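First up is the structure itself, then whatever we jot down about it.
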């Protein structure tokens, strides 16, 4: 990483006092960046389970049942054992397959994330 250090090509070519200042600026930037990532939930955003319940009722229950028991679509009871990660389940909901429509054309990524969080929390 090259950090501007006055008129020098890089920090390594700057005089020692300027190098220390540049390193301190870089350290402060790194700490600020780390804090921002931590506060943002690691960049992916956190899911809203309550909002996911609303989405589930409107978009998923007609096939998977009000209580995840299944119907036209399979049961979602134990869904977290079928998809080891929420991300894998989100990809499946988004892209569809084996009779599942591609909800990525209907719902936003956040809506899918919320609905998946709801199913994983509710249908253990």
For residue 43: the one exception among (1) assigned to a loop (DSSP other than H, G, I, E, B); (2) at pLDDT 95 or above:
(2)
Failed condition for residue 32, given (1) under 25 Å from the mean Cα position of the chain (by Cα); (2) at pLDDT 95 or above; (3) part of a helix (DSSP H, G or I):
(2)
So which residues in segment 69-124 are in a loop (DSSP other than H, G, I, E, B), more than 19 Å from residue 49 (Cβ to Cβ) and modelled with pLDDT under 95, if there are any at all?
98, 99
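The values are calculated or read from the model by the stated rules, or taken from the named source; none is laboratory data. Quick caveat, the model's predicted, so the values are computed rather than measured. Ideal geometry is used to build each Cβ from the backbone, glycine not excepted, and the neighbour counts take in all protein chains shown.
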